[in-house]
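Working notes, structure below.
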Amino acid sequence: MSAQPAQRGPVAAFFVLVWDAMNFTRRLIFNLVFFGLLLLILLAMLFAAVSGRGGQLQDRTTLVIAPEGTLVEQYSSDPASRALAKALGDKSAGEVQLRDVLRALDAARTDKRIDRVLLRVDKLQFSGYASIREVAAAIAKLRASGKQVISFGENLDQRQYLLAAQAGEVYLDPMGGLLLEGLGRYHQYFRELLQDKLNVDVHVFKVGEYKSAVEPYMLDAASPQAKEADLFWMNDVWQRYLADIAKARKLTPEQLANDVDTLPTGVSEAKGDLGAYALQRKLVDGLKTQEEVESLLVQRGAADEDAPGGFRQVSLGDYVQHLDMAVSPIDERPQVAVVVAEGEIVGGDQPAGRIGGESTAALLREAREDEKVKSVVLRVDSPGGEVFASEQIRREIVGLKKAGKPVVVSMGDLAASGGYWISMNADRIYADPSTITGSIGIFGVIPTIPRTLEKVGIHTDGVGTTRFAGAFDITKPLAPEVGQVIQSIIEKGYRDFTGRVASARNRSVEQIDEVARGRVWSGAQAKERGLVDQFGGLADAVADAAARAKLAKPENYRVRYIEKMPSPFEQLVTNFANSRAGGAWLARSGFGQETLAQLLLGRAMPQAAHDLQFLQRAAVSMRENGTPVKALAYCFCGL
């Protein structure tokens, strides 16, 4: 006999009814919002597909290159995140791809619709001088074609000025500033903090007296060897910088060097007016406000009352989109593939824009297995990282060559340590004279914290079946015998590194050891020592790779970047955020506002935070990944 369901009382029935009504209302509102947003996305995508974002490009147009953010080889975030950040007006983590700037400048040379270029680089940030010189060379090539290039800035640092100086006319705001100060490289050192204040014992194992990446954890100041090595390559880069500015501004390097040396006197004579000081030193051609520069462009170009500044223009982003729209979606030409390796080298499968031992190797394998790809350019901008992850990538380079596909490396700002490891087996290595490379050396860092724990009353004890059981536990002191094991592993890593370089570069191990030992070189110094084959940028490397694959003229092949593709959902969100309707809706939503606290924390001592995070990752690797000893080929050698 089945039991009868209990009858609800009138009060309970009332609350059940209210609850059901609330649930129905919640689902109804959610569905309305969801389908309304979906409809808005579809309409925005349709609008973007029919009309395009930039409209029709007209004659007598000024190309305005005014990027905001950091110049990078490859975006470090997914397309949806970038599109949402842009729509919300968040420019704190903006990025500008070097390839887009170079492509726009190259296309503008022969584009009859582009009369001139306006450079606004005072909101562009850089990671090194090689990429700046590559853009500078493209600007010089544009000027040689007869196109006007005008530069304007409100305040320029010396990196930004290297680009601005390439223009035919350089203008600075009368209240702005510009100073050349020289190159400096300073680190925070944590020995006292870690060992004396926090009682953390940092155990360092390395090969190479110049391998200075570990010094911040074991010293209170840079070693004499580190200062000697740094000053050697920095002086080379600085002298080249002075020569580049002198050539562009029709001055002499000696004049510029003297101006830096007598900076206090010069600024005092200009009564503290940095704009007047820059004009007196012939670093700029005139002092003009933004409105005055815009009036100049209206006079020389075509007026457009609806455009910012009143002159007909196209932005860098819209111009790149025009170039993309002109490319046929079906291109059956053979391909030169470009794979970008930018950032630290870590193990595993990493997201787009980062170097992963598995993920970057997979991109190279994709190029090897694609019949349309005839040769590969590996663009490297990396300080290195994990040895095993670097080796995974190097093996794929060897695999490409065995498959009959030439591989050419193009070094960007930095290709040091592990960055050189993944480069060394290429058929040819290109670098800018100001590229930072070398740092062929290996090290390991193991922090232990028994003294830290004892300070707060925590002690570690237990038993093990052998005297080495638990030897890598960071809560215990590191035994000398264990240190001997680790040092042996590090020395083996160094032998592997120098041996592979010797084999790849057709040198003896002894010859490589002379230029290795962790020492950093400029691109020019590396070429003198046989670590680099040729000076040149990405375009030179692509042309070389095409020639090795016997692809003849540029019109006979296509350059294709092999990257991780966004998911369909990411693409949907990207298209919505990039559309005018979606962007306007997101901008009005008020999301993404940065607090003052976030702003300050994000900018306070970024190098110190980066260095300490590196030490933290070493400890995490020991504790969680089952790899108590991990050899690292890394270089804190960026400017």
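For the range 488-556, compute Rh as the Kirkwood radius over C-alpha pairs and then the Stokes-Einstein diffusion coefficient at 4 °C and 1.567 mPa s; write the answer in µm²/s, rounded to an integer.
The estimated diffusion coefficient comes to 91 µm²/s.
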Would you please report the Å³ per residue occupied by the convex hull of the alpha carbon atoms in the range 315-401? 111 Å³
Sorting check: for 535-544, 216-225, which peptide has the highest mean count of neighbouring beta carbons within 10 Å, and how do the rest follow? 535-544, 216-225
Cleavage-rule hits (GluC sites (Glu not before Pro)) in the range 495-566: DSSP loop, at most 15 neighbouring Cβ within 10 angstrom: E563
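Convex hull over the Cα atoms of the range 163-221, averaged projected area in nm²?
Reported value for the Cα convex hull: 7.9 nm².
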Coil-residue chymotrypsin sites (Phe, Trp or Tyr not before Pro) of the range 118-199, DSSP, other Cβ within 10 Å capped at 16: Y186
Under-5 Å amide H pairs with G177, H placed in peptide plane, nonlocal only: N155, L156
Compute for the range 363-417: radius of gyration divided by Kirkwood radius, i.e. Rg/Rh, restricted to C-alpha atoms, rounded to two decimals. 0.99
Semi-axis lengths (Å, descending) of the ellipsoid that matches the C-alpha gyration tensor of the range 393-462: 43, 17, 7
Protection proxy (average C-beta count within 10 Å per residue), highest first, orders 517-523, 461-467 as 517-523, 461-467
Hand me the GluC sites (Glu not before Pro) from the range 141-226 located in a DSSP loop with no more than 14 other Cβ atoms within 10 Å, in residue order please. E181
With the cut-off at 13 Å, report for the range 241-307 the share of all Cα pairs above it, as a whole percent. 71 percent
Over 19 Å between C-alpha atoms is what I'm after, so list which of K402/K527; K402/K550; K141/K550; K372/K402; K147/K288 land there. K402/K527; K141/K550; K147/K288
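I need the peptides 226-237, 63-74 ranked by packing, meaning the mean over residues of other C-beta atoms within 10 angstrom, with the highest value on top.
Peptide ranking by packing, descending: 63-74, 226-237.
Throughout, read-outs are computed from the coordinates displayed, never taken from laboratory work. Just so we're clear, the structure is a prediction, and the values are computed from it rather than from any experiment. Glycine also receives a Cβ, built like all others from the backbone with ideal geometry; neighbour counts cover every protein chain displayed.
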